[in-house]
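These notes concern the structure reproduced below.
The values are calculated or read from the model by the stated rules, or taken from the named source; none is laboratory data. Only a predicted model underlies this, so the values are computations on that prediction, with no experimental measurement involved. Neighbour counts are summed over all protein chains in view; Cβ atoms, including those assigned to glycine, are modelled from backbone coordinates with ideal geometry.
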């Protein structure tokens, strides 16, 4: 398949697959339980396959020093003031030391994976060293997974496209705490203008990702 690069050198960018969204016992901004279980299982399967192909898995985890870092965002302040908004707990989401900042069990292999735990905005490139890590390893193709499809995934994909990375989004490895229609709308935006959308089975069948 033509991804627009001379030779695919891929890495997984796994966004916010942490307990703050996906573990109902501690989540401050939870996805639906069935959504959480489904996206964790799909990502675990993809990650295990990627590791056998020497495709790096990079976990991006949102964490804040304190609520003041969250409050800098004007729109997020309005969400915190709306008791009916699913993001109303944003000011108490993933402060350093909270269990929500932990990657979901079974998804992180410390001997293989990388963790970037300084993410503070939807776009994973903002105020993190993600780009440095990618450039250091010669990565030109990003397999973007995680939550939420319509915020962090979409924002990161659009940024990556503008930075000239090839982008692949496995549709079953992303989802949202918001309405399902927003998940579908985000995938439509991505496949229209920013990257390739396919299933994880299709990703794992790509000869471009075979061990060279």
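Which members of the range 159-189 meet the condition of being over 22 Å from residue 28 (Cα atoms) and in contact with a strand residue (DSSP E or B) (Cβ under 7 Å, 6 or more places away or on another chain)?
Correct list: 160, 161, 165, 166, 167, 168, 169, 170, 171, 187.
Regarding residue 78, is this residue in contact with a strand residue (DSSP E or B) (Cβ under 7 Å, 6 or more places away or on another chain), assigned to a helix (DSSP H, G or I), surrounded by fewer than 20 Cβ atoms within 10 Å (Cβ to Cβ) and modelled with pLDDT of 95 or more?
no
Could you check the range 145-167 and list, in sequence order, the residues that are surrounded by fewer than 24 Cβ atoms within 10 Å (Cβ to Cβ) and touching a residue at least 60 places away in the same chain (Cβ under 8 Å)?
Within the range 145-167, just 166 meets the criteria.
Can residue 85 be described as assigned to a loop (DSSP other than H, G, I, E, B) and touching a helix residue (DSSP H, G or I) at 6+ places or on another chain (Cβ under 6 Å)?
yes
Could you list, in sequence order, the residues of the range 43-57 that are in contact with a helix residue (DSSP H, G or I) (Cβ under 7 Å, 6 or more places away or on another chain) and crowded, with 20+ Cβ neighbours inside 10 Å?
43, 46, 55, 57
Please enumerate the residues belonging to the range 172-212 that are surrounded by 15 or more Cβ atoms within 10 Å (Cβ to Cβ), in a loop (DSSP other than H, G, I, E, B) and touching a helix residue (DSSP H, G or I) at 6+ places or on another chain (Cβ under 8 Å).
If the condition is that a residue be surrounded by 15 or more Cβ atoms within 10 Å (Cβ to Cβ), in a loop (DSSP other than H, G, I, E, B) and touching a helix residue (DSSP H, G or I) at 6+ places or on another chain (Cβ under 8 Å), then 176, 177, 178, 194, 195 are the ones that fit.
Looking at 58, 96, which is the one that is closer than 19 Å to residue 117 by Cβ and touching a strand residue (DSSP E or B) at 6+ places or on another chain (Cβ under 6 Å)?
58 is the lone residue from the list that is closer than 19 Å to residue 117 by Cβ and touching a strand residue (DSSP E or B) at 6+ places or on another chain (Cβ under 6 Å).
Only one of (1) assigned to a helix (DSSP H, G or I); (2) touching a helix residue (DSSP H, G or I) at 6+ places or on another chain (Cβ under 6 Å); (3) closer than 10 Å to residue 194 by Cα is not met by residue 150, so which one is it?
Here residue 150 clears every test but (3).
Please verify whether residue 108 is surrounded by 14 or more Cβ atoms within 10 Å (Cβ to Cβ), within 16 Å of the chain's Cα centre (by Cα), assigned to a loop (DSSP other than H, G, I, E, B) and at negative phi, treating the condition exactly as stated.
yes
Among the residues of the range 27-42, is there at least one that is surrounded by fewer than 16 Cβ atoms within 10 Å (Cβ to Cβ), modelled with pLDDT of 95 or more, out of contact with any helix residue (DSSP H, G or I) (no Cβ under 7 Å at 6 or more places or on another chain) and assigned to a loop (DSSP other than H, G, I, E, B)?
yes
In this structure, does residue 4 turn out to be modelled with pLDDT of 95 or more, part of a helix (DSSP H, G or I) and either under 24 Å from residue 133 (Cβ atoms) or in contact with a strand residue (DSSP E or B) (Cβ under 9 Å, 6 or more places away or on another chain) (or both)?
Considered against the rule, which asks whether it is modelled with pLDDT of 95 or more, part of a helix (DSSP H, G or I) and either under 24 Å from residue 133 (Cβ atoms) or in contact with a strand residue (DSSP E or B) (Cβ under 9 Å, 6 or more places away or on another chain) (or both), residue 4 comes out as no.
So for the range 118-126 (the condition being assigned to a strand (DSSP E or B) and closer than 13 Å to residue 13 by Cα), does at least one residue qualify?
Yes, because at least one residue in the range 118-126 is assigned to a strand (DSSP E or B) and closer than 13 Å to residue 13 by Cα.
Working carefully through the options 180, 170, 105, find the one that is under 24 Å from residue 51 (Cα atoms) and free of Cβ contacts under 8 Å to residues at least 12 places away in the same chain.
Of 180, 170, 105, the one residue that is under 24 Å from residue 51 (Cα atoms) and free of Cβ contacts under 8 Å to residues at least 12 places away in the same chain is 105.
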